[in-house]
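The values are calculated or read from the model by the stated rules, or taken from the named source; none is laboratory data. Just so you know, these numbers come straight off a predicted model, no measurement behind them. Here Cβ is always computed from backbone atoms with ideal geometry, including for glycine, and neighbour counts include all displayed protein chains. Protein only, heavy atoms only, side chains kept; ligands, DNA and RNA dropped before computing areas. Shrake-Rupley method; radii C 1.70, N 1.55, O 1.52, S 1.80 Å.
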Amino acid sequence: MTAISAPRIQEEPVVPLRRPGRWVTYAVAAVLAAMFVHTLLTNKNFGWDIVGNYLGSGEILAGLGKTVELTVIAMAIGIVLGVVLAVMRLSANPALKGFASLYIWFFRGTPVFVQLLFWGYASALYPRLGLGIPFGPQFVSAPTNVLITPFIAAILGLGLNEGAYMAEVVRAGILSVDRGQTEAAQALGMSRLRTLRRVVLPQAMRVIIPPTGNQVITMLKTTSLVSVLAFPELLYSAQLVYSTNFKTIPLLITASLWYLLMTSVLNVGQHFLERRFNRSERAVSRRAEIAQEGR
């Protein structure tokens, strides 16, 4: 008895899906990119030679250092203040919760530019600042302009404003942690502060880190608003230079290139931080994949 062989199925060649829209998009993008590069190379008003001369000049590098200093100090104040405000916002104490909510409402609801101006002109409201008994005599006092310099005004304006935004970032991170984690820690006899520090915040970092990285990059660029206080950060340093040589566009390009470089470095740092805090999640996913393959 002969076995009946199954009929062979003729395999049809795989034809890739045609996407003419993609090629049109590529062509338009290529033309636009070529036009942009052409105008960069042929328009002498950009002044690339002047950009090259001032990119590493002492005035610009000094302003760059002050921009980095402002960013670090203001973000440090904002992060610490944000953690405190987030804990207060989640507190069962109505007074603490109300104060934190009012603070966040005010500083998020008014432009940071206006806040910087208020700190810069604080002496118009209070010519002197003193320390003493409330509603009583003052022990020491000094002129406001001496105490609140342009640098201090910049730090206060940027740091206090950033604290309101970081409070919402931290609060979202804390709320992302399962409530059972807190209950388990308290069942083991851990205090609320220790539970927050050892259990809740480490797990909340996966949610906190990405928006915090965005806030750092935003803060770096927001420091340019401090030029209104005549503080010589990067943008104001460029303004001082082009006010004497009248090369406005090349100096603005120089400042922009430094901003682009610094934000690119921060983007790379944010990427590695996110990878570090997501290691445990990736390990759990990998173990789940291995277990699924073994079935």
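State the number of residues belonging to the stretch 136-155 that are assigned to a helix (DSSP H, G or I), of a type in the set (S, T, N, Q) and in contact with a Lys or Arg (Cβ under 9 Å, 6 or more places away or on another chain). Break it down stepwise before answering.
Just the residues of the stretch 136-155 that are assigned to a helix (DSSP H, G or I), to begin with: 144-147, 150-155.
Imposing the further condition that a residue be of a type in the set (S, T, N, Q) reduces the set to 144-145.
If we keep only those that are in contact with a Lys or Arg (Cβ under 9 Å, 6 or more places away or on another chain) as well, we get 144.
The qualifying residues number 1.
Conditions: (1) part of a helix (DSSP H, G or I); (2) open to solvent by 100 Å² or more (accessible area, probe 1.4 Å); (3) aliphatic (A, V, I, L, M). L17 meets all but one. Number of the miss?
(1)
Can you name every residue in the stretch 230-260 that is touching a residue at least 60 places away in the same chain (Cβ under 8 Å) and in a loop (DSSP other than H, G, I, E, B)?
A230, F231, P232, E233, K247
For the stretch 228-267, how many residues are charged (D, E, K, R) and open to solvent by less than 30 Å² (accessible area, probe 1.4 Å)? Can you show your working first?
Within the stretch 228-267, the first condition is being charged (D, E, K, R), and the residues that meet it are 233, 247.
The next check asks that each one be open to solvent by less than 30 Å² (accessible area, probe 1.4 Å); those that pass are 233.
The number of residues fulfilling the criteria is 1.
Go through the stretch 71-113 residue by residue and tally those that are farther than 25 Å from F151 by Cα, open to solvent by less than 50 Å² (accessible area, probe 1.4 Å) and of a type in the set (A, V, I, L, M, F, W, C). Even if it seems obvious, please write down each step before you answer.
Kept after step one, since they are farther than 25 Å from F151 by Cα, are these residues of the stretch 71-113: 86-102, 105.
Cutting the leftovers down to open to solvent by less than 50 Å² (accessible area, probe 1.4 Å) gives us 86, 88, 91, 98, 100-101.
Then keep just the ones that are of a type in the set (A, V, I, L, M, F, W, C); that gives 86, 88, 100.
Result for the stretch 71-113: 3.
Could you please tell me which pairs satisfy a Cβ distance under 6 Å, a separation of 6+ or placement on different chains, a first residue in the stretch 50-69 that is farther than 14 Å from T248 by Cα, and a second residue that is assigned to a helix (DSSP H, G or I) and hydrophobic (A, V, I, L, M, F, W, C)?
Matching pairs, first to second residue: E59/V241; G63/L234; L64/L234; L64/W258; T67/L234.
How about the stretch 180-192: which of its residues are open to solvent by 60 Å² or more (accessible area, probe 1.4 Å) and over 18 Å from M205 (Cβ atoms)? Before you say what the answer is, go through the steps one by one.
Restricting attention to the stretch 180-192, the residues satisfying the condition of being open to solvent by 60 Å² or more (accessible area, probe 1.4 Å) are 181, 183, 186-189, 191-192.
Those that are open to solvent by 60 Å² or more (accessible area, probe 1.4 Å) and over 18 Å from M205 (Cβ atoms): E183, Q186, A187, L188, G189, S191, R192.
Scan the stretch 156-179 and tell me whether some residue there is hydrophobic (A, V, I, L, M, F, W, C), assigned to a helix (DSSP H, G or I), open to solvent by 30 Å² or more (accessible area, probe 1.4 Å) and more than 28 Å from G120 (Cβ to Cβ). Explain how you work it out, then say what you get.
Step one: list which residues in the stretch 156-179 are hydrophobic (A, V, I, L, M, F, W, C), which gives 156, 158, 160, 164, 166-167, 169-170, 172, 174-175, 177.
Those left that are additionally assigned to a helix (DSSP H, G or I): 156, 158, 160, 164, 166-167, 169-170, 172, 174-175.
Filter again for open to solvent by 30 Å² or more (accessible area, probe 1.4 Å), leaving 156, 160, 172, 175.
Narrowing further to those that are more than 28 Å from G120 (Cβ to Cβ): 172, 175.
Yes: one or more hits.
Just checking, how many residues over the stretch 73-95 are within 17 Å of L196 (Cα to Cα) and of a type in the set (A, V, I, L, M, F, W, C)?
The total comes to 11.
Looking at (1) closer than 23 Å to V68 by Cα; (2) surrounded by fewer than 18 Cβ atoms within 10 Å (Cβ to Cβ), find the lone condition where P202 falls short.
(1)
Between a residue in the stretch 177-192 that is more than 15 Å from A92 (Cβ to Cβ) and any residue that is open to solvent by 70 Å² or more (accessible area, probe 1.4 Å), which pairs come within a Cβ distance under 8 Å, given they are 6 or more apart or on different chains?
A185/R194; A185/R198; M190/R198
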